[in-house]
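The values are calculated or read from the model by the stated rules, or taken from the named source; none is laboratory data. Remember, it's a predicted structure, so these values are computed and weren't measured experimentally. Cβ atoms come from the backbone with ideal geometry, glycine included; neighbour counts cover every protein chain shown.
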Amino acid sequence: MQFLPSSRSAACLLLFTAAAGTVCAVHADDVFPSRTMTIVVPSAPGGAPDIGARLIAKEMTSTWKVPVVVDNRPGSSGILASSLVAHAPKDGYTMMLTFTAHVQLPSLNSHLPYDPLKDFVAVSQTSRSYSILAVPADFPANTVQEFVAKVKASPTLMSYGSSGAGTTSHIYGDLFDKQAGTKMNHVPYKSAVLLIQDMMGGHVKVGFTDVGATIPYIRSGKIKALAVIGPNRIPALPNVPTFQESGYKGFEQVAWMGFVVPSGVPKERVDKLSAELARITRSEPVSRQLNDVNLEVVGSTADEFNAVMIKDFTVWKDIIGRSGIKLD
């Protein structure tokens, strides 16, 4: 005769089975990480964030023995990638190597589908980067003063390119345009690489772009830098003056890159990610390669990067307010 459990017994059995399954699932994932990890990058392949992400992904794969893949999600000034990560599972397996636009966007767009501080947890700042005002080698100006005079005297309206609408290069380009009174058109690109390609092809004469992507062309004599953004001259371009030296103030704040995860990831996993990312970033092979693309290596703790994000949120709010840029 077949035994049929009572409804109460069946319910208890079902509850026990579900609980056991949950416990098993937790124990199966106690070792973190134990499966494929993803680094989302809010820009196209080839730029500084992509290069940094791939260097670090390679080292993490080697150290942790799990695949670490890079997922490029360019577009919408980083909003697309940030939205994806903000709503990703809160398990530490999805990270984003973001950049300064992350804390700039709230001052540019009042309709973000996420909060850049509340919906994310800082993990580690990897590096700082510098931007420049660049022109093709045959542009008839060698200083910012000569550049401004040429643009104002041009019979046609000149355009400047940036790495995308709302990016640091766009903000500084617009701020400079207003201060200098040059009245240039803005042309947004999906990456610094694409901007440089169009500069080389003669499609755009002026670029506000990052040093890492541009310096090979500067060294080859195809592009020249007229001024660098930051408080001081940089070792990679010791003969290029700062904007402040060239007579323009408000161009001292530099950009950065760093890792974040969705809010809600367990603290022990954030701490483990932070320690590993900082170690990898400061390690000799990675730091050397980051320096080779003119990124200033940091490798911070989670708390240190969180402090940077909070401070820069306020700093960029002021800078953007002076530039007048709005994306919504």
Does at least one position in segment 90-109 carry a residue that is at pLDDT 95 or above, among the basic types (Lys, Arg) and out of contact with any Ser or Thr (no Cβ under 8 Å at 6 or more places or on another chain)? no
Are there any pairs with C-beta distances below 8 angstrom linking a residue in segment 126-148 that is more than 28 Å from Ala101 (Cβ to Cβ) to a residue that is part of a strand (DSSP E or B) and β-branched (Val, Ile, Thr), with the two at least 6 apart or on different chains, and if so which? Ala137/Ile223; Ala141/Val135
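Scanning segment 136-145 for residues that are of a type outside the set (Phe, Trp, Tyr) and surrounded by 15 or more Cβ atoms within 10 Å (Cβ to Cβ), which turns out nearest to Phe243 (Cα to Cα)?
Result: Val144.
Specify the residue that is surrounded by the most Cβ atoms within 10 Å (Cβ to Cβ); the eligible residues are those in segment 52-86 that are under 22 Å from Arg288 (Cβ atoms) and in contact (Cβ under 8 Å) with a residue 60 or more places away in the chain. If you could, list the steps in order and put the result at the bottom.
Step one: of segment 52-86, the residues under 22 Å from Arg288 (Cβ atoms) are 52-64, 68, 70.
Now drop any that are not in contact (Cβ under 8 Å) with a residue 60 or more places away in the chain, which leaves 52, 55-56, 59-60, 63-64.
On the way: Gly52: 29, Leu55: 21, Ile56: 25, Glu59: 19, Met60: 21, Thr63: 13, Trp64: 16.
It comes out as Gly52.
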Step by step: first the residues of segment 93-104, then only those that are farther than 11 Å from Met309 by Cα and either surrounded by fewer than 24 Cβ atoms within 10 Å (Cβ to Cβ) or not assigned by TED's automatic domain parsing to the domain that holds Glu276 (or both), then the one that is farthest from the chain's Cα centre (by Cα). Which residue is that? Tyr93
Surrounded by fewer than 24 Cβ atoms within 10 Å (Cβ to Cβ), closer than 20 Å to Ile320 by Cβ and in the same structural domain as Val293 (by TED's automatic domain parsing): does that describe Leu117? yes
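Just for segment 4-34: of the residues that are modelled with pLDDT of 80 or more and either surrounded by 11 or more Cβ atoms within 10 Å (Cβ to Cβ) or in the same structural domain as Thr214 (by TED's automatic domain parsing) (or both), which one is nearest to Gln289 (Cα to Cα)? Show your work before the answer.
Pass one, segment 4-34, residues modelled with pLDDT of 80 or more: 31-34.
Right, trim to either surrounded by 11 or more Cβ atoms within 10 Å (Cβ to Cβ) or in the same structural domain as Thr214 (by TED's automatic domain parsing) (or both) and you get 32-34.
Working: Phe32: 28, Pro33: 26, Ser34: 28 Å.
The selected residue is Pro33.
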If you take the residues in segment 151-185 that are exposed (fewer than 13 other Cβ atoms within 10 Å of the Cβ) and of a type in the set (S, T, N, Q), which one is modelled with the highest pLDDT? Asn185
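With Val148, Val123 as the choices, which residue is surrounded by fewer than 24 Cβ atoms within 10 Å (Cβ to Cβ) and among the β-branched types (Val, Ile, Thr)? Talk me through it step by step, then tell me what you get.
On the way: Val123 fails: surrounded by fewer than 24 Cβ atoms within 10 Å (Cβ to Cβ).
That would be Val148, the only listed residue that is surrounded by fewer than 24 Cβ atoms within 10 Å (Cβ to Cβ) and among the β-branched types (Val, Ile, Thr).
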